[in-house]
1. For region 72-88, name all the residues that are in a loop (DSSP other than H, G, I, E, B) and open to solvent by less than 80 Å² (accessible area, probe 1.4 Å).
2. Which fully enclosed strands (runs of 3 or more DSSP E) of region 266-346 have 1 or more residues being touching a Cys at 6+ places or on another chain (Cβ under 6 Å)?
3. Search region 270-290 for residues that are open to solvent by 20 Å² or more (accessible area, probe 1.4 Å) and pair each with any residue that is among the acidic types (Asp, Glu) and assigned to a strand (DSSP E or B) when their beta-carbon atoms are under 8 Å apart and the residues are at least 6 apart or on different chains.
4. Could you please tell me which pairs satisfy a Cβ distance under 6 Å, a separation of 6+ or placement on different chains, a first residue in region 168-179 that is under 22 Å from ARG198 (Cα atoms), and a second residue that is of a type in the set (S, T, N, Q)?
5. Looking at region 133-158, which of the residues that are over 19 Å from LEU222 (Cα atoms) and polar (S, T, N, Q) is surrounded by the most Cβ atoms within 10 Å (Cβ to Cβ)?
6. Looking only at region 162-218, count how many residues are open to solvent by 60 Å² or more (accessible area, probe 1.4 Å) and small (Gly, Ala, Ser).
7. If I go through region 211-227 residue by residue, how many of them are of a type in the set (S, T, N, Q) and touching a residue at least 12 places away in the same chain (Cβ under 8 Å)?
8. Enumerate the strands (runs of 3 or more DSSP E) found wholly within region 123-183, keeping only those where 3 or more residues are among the hydrophobic types (A, V, I, L, M, F, W, C) and closer than 27 Å to LYS203 by Cβ.
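The values are calculated or read from the model by the stated rules, or taken from the named source; none is laboratory data. What you see is a predicted model; the values in this text were computed from it and never measured. Here the Cβ positions follow ideal geometry from the backbone for every residue, glycine too, while neighbour counts run over all protein chains shown. Each accessible area value is taken on the protein alone, full model and side chains, heavy atoms only, with ligands, DNA and RNA left out. Shrake-Rupley method; radii C 1.70, N 1.55, O 1.52, S 1.80 Å.
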Amino acid sequence: MKADNRKNRIKSGIRLSAMTLVMVVLAACLSSCKPPAMKNTDPNTVRGTVSPLNCTNDERGLYVCNDTLFVFISRTLYEIQNDGTFRKIFFTSNASTGFFLGNGFFYYINDQSTDALNSWVLKRYDLKTGNTETVASKIEKASYFISRGNAMILLNGRSYAVVTEKADGAEMLSYEGPYNEEYSLGKSRILVEYDYSRTIISKLTDDGEEEIIHKEVDFCTLMKISDNSLLVNRRTPPTFQVVDFSSRALSWIIDSDGVIHELIKPEGYAMHTGNYCKNYYYCSFYRFKEVNRFSYKKFDNDKLEGTWKVNVETFEQTKISDKIYDDIFVIGDKVIGVDSSRTFSIIDKG
């Protein structure tokens, strides 16, 4: 009887922990529905191209299209006007992350709420006319988006799709197998393979063999920052996917010899975001001693948490703020942080 009571108490504790987690998540969702504010930002000075490192699976993105800033938050697309206010463009239910290809169309994947596995539809919204059209139907939901020139790569499981704009519309082509990219760094050739959620980086030898120099269990975004340097930025996975809580680097530089250099590696488990601007890697992170699905154990009097910038040539690390940002965007020479209250602030004016 005592054993049964003990089991019931354990079950009740688990239910309470789960309920607490749900309440925290619900509170965060409710707060995210508020249109954000722009602080310390003159929209007239923040024009340019959004860094490729921003193209991820987050349902919150900052975009530049036709020299105008847009933000996609809580399934709503806003235009950031010259006075810093947000004008609502449109709302779409059951939508995943959207993206622009630069010609006045906002693309998004919408769930048709059926029992079928491939129940997602790729649509695009015309900013000029307000019309919506279907680009492709009966597709899988993309896990990650990668911007490459005038195309968007939709990564999904062990297959991928490429979305491009044509003179008479848009086209989506699907391919089986992992998505690969090749980079030239000095005299070295670097092969990057996005295999499911992993990122495998290899150096190609003169006879075409692949010599693995890095295998990351999480998804990474990459950006060639010079003729001799490739920046690799690891993405923090959801906590329920975390299997290794040991200290791991958040970003690396691969040089022209194919040698990989760690940029920043905080002790413990770090939930982070990072981006690159003008010879510096900017990184903002929370840090935990222990993490599981329902709780986080912090370090005492943590002085490492906050926002850092790292020189990608000398690897010198400088802490620039105790504040932590959920996202870091780079537009032109401006580094913009987005905090948990959805406030946009300039971190570094370049």
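1. Those that are in a loop (DSSP other than H, G, I, E, B) and open to solvent by less than 80 Å² (accessible area, probe 1.4 Å): SER74, GLN81, GLY84, THR85.
2. On the way: elements: 269-277, 280-291, 296-298, 306-311, 317-321, 327-331, 334-338.
Fully inside region 266-346 and qualifying: 269-277, 306-311, 327-331, 334-338.
3. TYR280/ASP348
4. Close Cβ pairs satisfying both conditions: GLU176/SER159.
5. Residue satisfying both the conditions and the ranking: SER137.
6. Of the residues in region 162-218, the ones open to solvent by 60 Å² or more (accessible area, probe 1.4 Å) are 166-168, 171, 173-176, 180, 182, 184, 187, 189, 196, 198, 206-207, 209-212, 215, 217.
Narrowing the set further to residues that are small (Gly, Ala, Ser) leaves 167, 174, 184.
Qualifying residue count for the region: 3.
7. 1
8. Working: elements: 132-139, 144-148, 151-156, 159-166, 169-176.
In region 123-183, the matching strands (runs of 3 or more DSSP E) lie at 151-156.
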